[in-house]
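Notes for the one structure printed next.
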Amino acid sequence: KHKFWETQPVGQFKDQGDTSLPEGPIQLPTPVSEVKQEPYNLPGLYEWTTCDIDSEETCAEVYSLLTNNYVEDDENMFRFNYSKEFLRWALRPPGYFKSWHIGVRVKVSKKLVAFITGIPARIRVGDVVVMKAEINFLCVHKKLRSKRLAPVMIKEVTRRVHLENIWQAAYTAGVVLPTPIATCQYWHRSLNPKKLIDVGFSRLGARMTMSRTIKLYKLPESTVTPGFRKMELLDVPAVTRLLRDYLRQFIVAPVFDEDDVEHWLLPTENVVDSYLVESPETHEITDFCSFYTLPSSILGNQNHSILKAAYSYYNVSTKTPLLQLMNDALIVAKQRDFDVFNALDVMHNESFLKELKFGPGDGQLHYYLYNYRVKHALKPSELGLVLL
Ligand code: MYA
Ligand code: JJ1
């Protein structure tokens, strides 16, 4: 059934429920000197390329490959449209390896036709912290699908990760593969219901009119929490402490240091937004919320071509109720003209989704670990990790 995945060190469907298998690495590391030194073979018409995402030209090629060929919803109405600034941010975190930004070109024309990336990350699973790779942006041009290119790309990124003496990875996908560590649900909060309905992202509810729907999703003009403001560079140490303490409670979570927080959470225009609550009395940083910008192309609509979506990222509440904090996040997202605010049911998100009028989407997101077995699948609320 899964000719490729059956050969890989991942939890296999047949082993589900076998509690005699130990939690932890499936294959032991080998000396880096024993890792295959040459790239895997591609079909003859194609060649490997390392994509220099700093180069405007290469970044534009990657952007256009993904814009035209990356992830769509199940009815092919929307396609993720990651911006170039976003791709640069996502692919150049502290300690990143250029060699993990892998492309495939047609030998003759040099056209970029496939892509896969890794970035390094410290991730804790239970009590064990390991350096892992996070794998993302696997994409094969629509015209080259089902030719078994993806397994070669996955093997090649694995080889290049091994060359850095890293032996585990985390990734997410909308499809079921052997074997998810957790399956999460997407939820959506309409900010611009008229447009969402016009483009087929959502539907008018039963016994609802457009004007009642607009009223239902109306939000205050400005945020309500005293001391709610944008995060700044000076806040990095306080936000790092807040986030590290908070993420300890989840079974799977990243381990962030100040450099990671500066990279992943300091606001970057049109990429990531972060807000915090500074106590007006003590000037303590007590709460934090963030979201990233990921528009989707609207396929085949006369009136609209882009859906502006915000995705919930890391949120921490110690004093302001999470419900109120996230309501303020919705208010700023609306001020910034987002059409929809999306969230997964990870961390404590369940506690605000229904009350803040999020509705379940038709998409799921499965989380995976490579070369690391977990005994039982996790509940979404046990996950403290958000991949882009
Ligand atoms: S998830 C986003 C994936 N991208 C898209 O969905 C974009 C649109 N689709 C495409 O571009 C293609 O359909 C892709 C497959 C490229 C997805 N993850 O070449 P094929 C298996 C893993 O003939 P194509 C993301 O980026 C499939 O089960 N495997 O198929 C995270 C089959 O294997 P098997 C997948 O459709 C990626 C084989 O590929 C996925 O032309 C994490 C068929 O290959 C998928 N999303 O191309 C990658 N989809 O026969 C794993 C299909 O066994 C990283 N397949 O069922 C693993 C860790 C590596 C590092 C380890 C370090 C230690
Ligand atoms: O966005 C998604 N679904 C939308 C659009 C559905 C269009 C028809 N298929 C959706 N809309 C309903 C919203 C409604 C608003 C009012 C309240 C009730 C709900 O459900 C889905 C997620 O739900 N997105 C996708 O399917 C995109 C792919 C998801 C997998 C991503 C894998 C990425 C891996 C990268 O590492």
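With a simple spin-label model that places each label point 7 Å from the Cα along the Cα-to-Cβ direction, the separation between LYS194 and ARG145 comes to 3.5 nm. With a Förster radius of 22 Å applied to the C-beta separation of ALA206 and LYS357, the computed FRET efficiency comes to 0.85.
Mean separation of Cα pairs under 8 Å and 6+ residues apart, divided by the residue count of the range 111-221: what relative contact order is that in percent? It rounds to 20 percent for the range 111-221.
What residue among MET77, SER64, SER33 has its Cα farthest toward the positive end of the dipole of the range 1-108, where the charges are +1 on Lys, Arg and -1 on Asp, Glu, each on the Cβ? The one lying farthest along the dipole's positive direction is SER33. Given bins 10 angstrom wide, list per bin the percent of all Cα-Cα distances in the range 187-257, short to long. Bin by bin from 0 Å, the calculated values are 15, 26, 21, 27, 11, 0. The length gained by stretching the chain between GLU75 and VAL176 to full extension, at 0.36 nm per residue less their Cα-Cα distance, is 34.6 nm.
At q = 0.23 Å⁻¹ the log10 of I(q)/I(0) for the range 57-181 amounts to -1.58, computed by Debye summation with a single uniform scatterer per C-alpha, solvent ignored.
Computed from label points 7 Å out along Cα-Cβ, the spacing between TYR217 and ARG336 is 1.8 nm. Applying both filters, DSSP loop and at most 14 other Cβ atoms within 10 Å, to the trypsin sites (Lys or Arg not before Pro) of the range 229-324 gives ARG248, LYS319. Is any residue of the range 187-222 close enough, with backbone N under 16 Å, to a label point placed 7 angstrom from the Cα of GLN302 along the Cα-Cβ axis, and if so, which? Residues passing the 16 Å test: 198-200. If R0 equals 41 Å, the separation of the Cβ atoms of LYS110 and THR7 corresponds to a calculated FRET efficiency of about 0.85. Using just its DSSP H runs of length 4 or more, each adding -39500 (n - 2.57), the chain gives a mean residue ellipticity at 222 nm of -6500 deg cm²/dmol after division by all residues. Paramagnetic label reach from ASN41 (point 7 Å along Cα→Cβ; backbone nitrogen cut-off under 20 Å): within the range 106-125, residues 106-108. Highest GNM mean-square fluctuation among LEU234, LEU112, LEU196, for the chain modelled with Cα contacts below 10 Å: LEU234. Once the other residues with Cβ under 15 Å from the Cβ of VAL10 are scored (Lys, Arg +1; Asp, Glu -1), what is the net sum? Local charge sum for VAL10: +3.
Computed across the range 29-91, the Kirkwood radius stands at 14.6 Å (inverse of mean 1/r, all Cα pairs). Listed cross-link partners LYS3/LYS147; LYS230/LYS334; LYS3/LYS132 are compared with a 18 Å cut-off, the Cα-Cα value being larger for LYS3/LYS132. Built from the Cα atoms of the chain, the convex hull projects on average onto 20.9 nm², one quarter of its surface area. Over the range 262-362, what is the relative contact order in percent, taking alpha-carbon pairs closer than 8 angstrom and at least six residues apart? Normalised by residue count, the contact order of the range 262-362 is 20 percent.
Here the spin labels are modelled as points 7 Å beyond Cα on the Cα-Cβ line, and at ASP52 and THR318 they lie 4.5 nm apart. For LYS111, a cut-off of 14 angstrom between C-alpha atoms picks up these aspartates and glutamates, skipping any fewer than 8 places away in its own chain: GLU47, GLU57, GLU61. In a reduced charge model with +1 at each Lys and Arg Cβ and -1 at each Asp and Glu Cβ, the chain shows a dipole moment near 1500 debye about its Cα centre.
Reachable aspartates and glutamates from LYS357, Cα under 19 Å, same-chain residues fewer than 8 places away excluded? Counting by Cα, and skipping residues close in sequence, LYS357 has these aspartates and glutamates nearby: GLU221, ASP328, ASP337, ASP339, ASP345. Which listed residue (PHE228, VAL199, TYR275) has the Cα farthest towards the positive end of the charge dipole for the chain, taking +1 on Lys and Arg C-beta and -1 on Asp and Glu C-beta about the Cα centre? Of the candidates, VAL199 comes out farthest on the positive side.
Here the Karplus curve 6.51 cos²θ - 1.76 cosθ + 1.60, taken at θ = phi - 60°, turns the phi angles of the range 352-359 into couplings of 10, 4, 5, 5, 8, 6, 6, x Hz, with x standing for Gly and Pro.
For the range 88-130, the residues whose backbone nitrogen is under 19 Å from a point 7 Å from the Cα of LYS375, taken along Cα to Cβ, are 124-129. Think of the chain as having a plus end and a minus end, set by charges on the Cβ of Lys, Arg, Asp and Glu; of PHE288, THR179, ILE331, THR179 sits farthest toward the positive end of this dipole. Short-range pairs are left out: with C-alpha atoms under 8 Å and at least six residues apart, the relative contact order of the chain is 24 percent. Under 5 Å between amide hydrogens, built in the peptide plane, is the criterion, and for PHE228 it picks out GLU278 among residues at least 5 positions away or on other chains.
Values in this text are rule-based calculations from the coordinates and carry no lab data. Computed from a predicted structure; not experimentally measured. For neighbour counting, all protein chains shown are included, and Cβ atoms are generated from backbone atoms with ideal geometry for every residue, glycine included.
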